[in-house]
Amino acid sequence: MTTDNTQKAARDALKDAWGDNTLAIRSGFERSQYGEHGEPIMTTSSYVFESAAEAAARFGGKSDGPIYSRFTNPTVQIFEHRLAAMEGGEACIGAASGMAATATLLLGTLKQGDEIVATRNMFGSTVNLFKNFLPRYGITVHWADGLDVVNWAPLVSDKTKLLYLETPTNPLTQLADISAFAELAHAHNAQLVVDNCFCTPALQKPLEHGADVVIHSATKYLDGQGRCVGGAVVGSAELIEKLTAFMRSAGPCMSPFNAWVFIKGLETLSLRMQKHSENAAFLAQWLNDHPKVAHVYYPGLDSHPDKALAMRQQKTFGGIFSMDLVGAREEAWRCIDAVGLCSITGNLGDARTTITHPATTTHGRITAEDRLASGIGEGLIRVAVGLEDVADIQADLEQALQAV
Ligand SMILES: Cc1ncc(COP(=O)(O)O)c(C=O)c1O
């Protein structure tokens, strides 16, 4: 046995007991014959076979190994294995964006006549995908009010295949009780899908609470520095096999370079999430008593209706809060226009604090009626708190609020 093989044997014996931080840094990667320490970026579209017979065996699924990077790329696979390990799922598939991950899940599993239940309290493009596109394929979406499982129950039937939600929601940080929703879904042989974008596995593991599928926009905290767009679905090996078949035919795949950026992001995810949360908790508390602010939405505040639930199913309260200013759109825009440090942009989960007016940007393309139903007002501002010195973010928001 070579030294490397000896180390691998020792590693394999330890792996099952690895904690979250070790999984985030070490899982999913075996060195090649070069002994590289860092995970390589495998930028190749296809792979060479030793013979026509070997090519046929690979394509036919009779021998293992990469075939074509639309559905088998070694760097993307490291990301997939690592995220699956962190979420506690059997398998994962990377996708070109968070929305591509959702579309892959829906189109790769549903068929005409199937039904899903969801709420309008979600990211705007998810609402639009469900509302404007799924009905064209004969898939019915039932819209529940908010995230109280009691309102969902009458909409779930034996035709229901998926219950789909975000917790906490974008942008109002509303929470869903994952285990209660899982119970409802399973009573009807349906699956519960949770978009875990706001918390990431560093703060919340939906599968441990009974969810069946986790969706990620890797664009956000998994990257953590606002560089790349990507997404992922985590679930059972059976589900991911189905989605891989869809990916092979339809092709909304993750690029190997982006996968490498996300792999590096995962290594520091836990540390970053703790700091994002710490900074956000401080600012939310401060703004809660601010005379220019009518209401702050943050699960860590005593005024948040789901603080106890957040303490039960999340490790900390997360890095994002929203606030209603005293006033409406004019006041919100004036505040946003006055910032000097925060970035005016639609993204979140960046090391840099970002400030957004959801009603006219991220949620601007859903109908006014849907916005109203989900509680997104014209005076609402979302702040995705970054990793800068919290005193500097506070000073920036204070002077911006004074401009209102
Ligand atoms: C909660 C949530 N889910 C999904 C998405 C979609 O991700 P992407 O932009 O990577 O397609 C977003 C994007 O903002 C989001 O906030």
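The values are calculated or read from the model by the stated rules, or taken from the named source; none is laboratory data. Just so it is clear, the structure is predicted and the values come from calculations on it, not from any experiment. FYI the Cβ positions are ideal-geometry reconstructions off the backbone, even for glycines, and counts take in every protein chain you see.
Figures for the structure shown
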{"quantity": "Selection count where residues are in a helix (DSSP H, G or I), within 23 Å of Ala84 (Cβ to Cβ) and out of contact with any Pro (no Cβ under 8 Å at 6 or more places or on another chain), scope the range 8-57", "calculated": "14"}
{"quantity": "Among the residues listed as Leu129, Leu106, the single one being touching a strand residue (DSSP E or B) at 6+ places or on another chain (Cβ under 9 Å), within 16 Å of the ligand (Cβ to nearest atom) and either among the aliphatic types (A, V, I, L, M) or part of a helix (DSSP H, G or I) (or both)", "calculated": "Leu106"}
{"quantity": "Residue, surrounded by the most Cβ atoms within 10 Å (Cβ to Cβ), within the range 290-328, restricted to residues that are outside any loop (DSSP other than H, G, I, E, B) and of a type in the set (S, T, N, Q)", "calculated": "Ser322"}
{"quantity": "Matching residues in the range 329-344 - criterion: being surrounded by 15 or more Cβ atoms within 10 Å (Cβ to Cβ) and either out of contact with any strand residue (DSSP E or B) (no Cβ under 8 Å at 6 or more places or on another chain) or free of Cβ contacts under 8 Å to residues at least 24 places away in the same chain (or both)", "calculated": "Arg329, Trp333, Arg334, Ala338, Leu341, Ser343"}
{"quantity": "Matching residues in the range 329-366 - criterion: being basic (Lys, Arg), modelled with pLDDT of 95 or more and in a loop (DSSP other than H, G, I, E, B)", "calculated": "Arg352"}
{"quantity": "Residue among Ala101, Ala85 that is buried (at least 24 other Cβ atoms within 10 Å of the Cβ) and either part of a helix (DSSP H, G or I) or more than 16 Å from the ligand (Cβ to nearest atom) (or both)", "calculated": "Ala101"}
{"quantity": "Failed item in (1) touching a residue at least 12 places away in the same chain (Cβ under 8 Å); (2) within 15 Å of the ligand (Cβ to nearest atom); (3) outside any strand (DSSP E or B); (4) not polar (S, T, N, Q), with Tyr164 passing the rest", "calculated": "(3)"}
{"quantity": "Residue count, the range 221-247 (criterion: closer than 24 Å to Lys275 by Cβ and either of a type in the set (Phe, Trp, Tyr) or more than 16 Å from the ligand (Cβ to nearest atom) (or both))", "calculated": "1"}
{"quantity": "All positions within the range 121-133 that are buried (at least 20 other Cβ atoms within 10 Å of the Cβ) and without any contact (Cβ under 8 Å) to a residue 40 or more places away in the chain", "calculated": "Phe130"}
{"quantity": "Sole exception among (1) touching a helix residue (DSSP H, G or I) at 6+ places or on another chain (Cβ under 8 Å); (2) free of Cβ contacts under 8 Å to residues at least 40 places away in the same chain for Tyr34, by number", "calculated": "(1)"}
{"quantity": "Filtered residues of the range 177-203 (kept if within 16 Å of the ligand (Cβ to nearest atom), touching a Lys or Arg at 6+ places or on another chain (Cβ under 7 Å) and outside any helix (DSSP H, G or I))", "calculated": "Cys197"}
